[in-house]
Amino acid sequence: MKNLIPFCFCVLFVSNAYALNLTGYRFTDSYRFAVIDDTLSEKYNSQYVINSSYAFVNSPFYETNILTNKISRTLIDYHQIMTIGGTYYLSEKAALSVNSAYLSNQAYGKDYQGFTDTEVRARFRFYKEGAHALAFSPYITVPTGKSENFTTTESTGLGLSLIGDMKIEKVLLLASLGYYTAKDNKISAVDYSELVTTTLGISWDFTENWMFNFEAIRNFTAASDQGQDDGDYYLTTKYSGFQTTALYLGGGIAGVNSPYNENYTLMAGIKLFGGP
């Protein structure tokens, strides 16, 4: 969820200087989860994973009335996102991934299509003892999107996350804490040039082939006190009844109260993996 107060909306059109990546949605190579990264404590029985997904995101950017806390103007009506990514497992403890997306959206009443910023990410699991695992994940984002429809930071971004998980019988618990910086990732009062990033995941083995997941993403602005923190909360399911394919379905929402409940996401994805 992203929003602007009315004053900032006026400043935006006067200056017309912005570079803010509001793509938000990403599809990962995680063994269990759809949108958050894992520790590699579990992985597909393959040297590689190719993943792709489609997502529809409603009202990802809007102006709110500060008196009523209602949406007064939608700045981006929707995103339609097709993601594509690949991961190569360097070992049982290390992986390298590249992810990008092609996005169609409507910003300020105009239609746009094009690629978003590209992410290159590594993961290294440095600890595993019994049911517990820890990994760190450095990553870089390359500005391959467009500023006109808010799909780029127009600057190279650098991030680092610490991820931990714990398996308790049929339930896996995961959490992460990280930091991300991209110096030009801001517009008026919305300043995402420095973010403290967090994720939370709960995965339940319902049957041998079905998993149900709760996935939460929450980012806190470190460079601004304008109350522009954002989050998304997903319910997803994974079906793994095929030998070399895993299927995902899910939906997410920015919050249960207005206006956050108008910013929702629907997604479907596939992960393909070969032999060892």
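The values are calculated or read from the model by the stated rules, or taken from the named source; none is laboratory data. No experiment lies behind these values; they were computed from the predicted model shown. Positions of Cβ are generated from backbone atoms using ideal geometry, with glycine treated the same way; all protein chains shown enter the neighbour counts.
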- How many of the residues making up the range 249-275 are under 28 Å from Y179 (Cβ atoms), modelled with pLDDT of 75 or more and of a type outside the set (V, I, T)? 8
- Query: Only one of (1) in contact (Cβ under 8 Å) with a residue 40 or more places away in the chain; (2) assigned to a loop (DSSP other than H, G, I, E, B) fails for M211. Which number is that?
  - Reply: (2)
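Please find, within the range 37-71, the residue that is modelled with the highest pLDDT out of those that are of a type in the set (S, T, Y), in a loop (DSSP other than H, G, I, E, B) and surrounded by fewer than 19 Cβ atoms within 10 Å (Cβ to Cβ).
Among those that are of a type in the set (S, T, Y), in a loop (DSSP other than H, G, I, E, B) and surrounded by fewer than 19 Cβ atoms within 10 Å (Cβ to Cβ), it is S46.
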- Query: For the range 126-163, what are the residues that are touching a Leu at 6+ places or on another chain (Cβ under 6 Å), under 30 Å from Q80 (Cβ atoms) and hydroxyl-bearing (S, T, Y)?
  - Reply: T151
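Quick check on the range 76-89. Is at least one of its residues of a type in the set (G, A, S), surrounded by 15 or more Cβ atoms within 10 Å (Cβ to Cβ) and at pLDDT 95 or above?
Start the filter on the range 76-89 by keeping residues that are of a type in the set (G, A, S), which leaves 85-86.
When the remaining residues are screened for being surrounded by 15 or more Cβ atoms within 10 Å (Cβ to Cβ), the result is 85-86.
With the extra rule that they be at pLDDT 95 or above, the set shrinks to 85-86.
Checked the range 76-89: at least one residue is of a type in the set (G, A, S), surrounded by 15 or more Cβ atoms within 10 Å (Cβ to Cβ) and at pLDDT 95 or above.
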- Message: I want to confirm something. Restricting to the range 130-157 and keeping residues that are within 23 Å of T199 (Cα to Cα) and polar (S, T, N, Q), which single residue is surrounded by the most Cβ atoms within 10 Å (Cβ to Cβ)?
- Response: T152
- Does T153 fit the bill of being in contact (Cβ under 8 Å) with a residue 40 or more places away in the chain, β-branched (V, I, T) and assigned to a strand (DSSP E or B)? no
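Is it true that F33 is over 19 Å from F242 (Cα atoms) and either at pLDDT 85 or above or of a type outside the set (V, I, T) (or both)?
Values: over 19 Å from F242 (Cα atoms): no; either at pLDDT 85 or above or of a type outside the set (V, I, T) (or both): yes.
So F33 does not fit the description; no.
Based on what the data block shows, is N51 within 23 Å of Y127 (Cα to Cα) and either without any contact (Cβ under 8 Å) to a residue 12 or more places away in the chain or not charged (D, E, K, R) (or both)? Break it down into steps so the answer makes sense when it comes.
Details: within 23 Å of Y127 (Cα to Cα): no; either without any contact (Cβ under 8 Å) to a residue 12 or more places away in the chain or not charged (D, E, K, R) (or both): yes.
No.
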- Does K93 meet the test of being over 30 Å from E42 (Cβ atoms) and either touching a strand residue (DSSP E or B) at 6+ places or on another chain (Cβ under 9 Å) or small (G, A, S) (or both)? no
- For D191: the one exception among (1) surrounded by fewer than 19 Cβ atoms within 10 Å (Cβ to Cβ); (2) within 22 Å of G252 (Cβ to Cβ): (2)
- Message: Please count how many residues of the range 156-200 are touching a residue at least 40 places away in the same chain (Cβ under 8 Å), part of a strand (DSSP E or B) and more than 30 Å from K128 (Cβ to Cβ).
- Response: 3
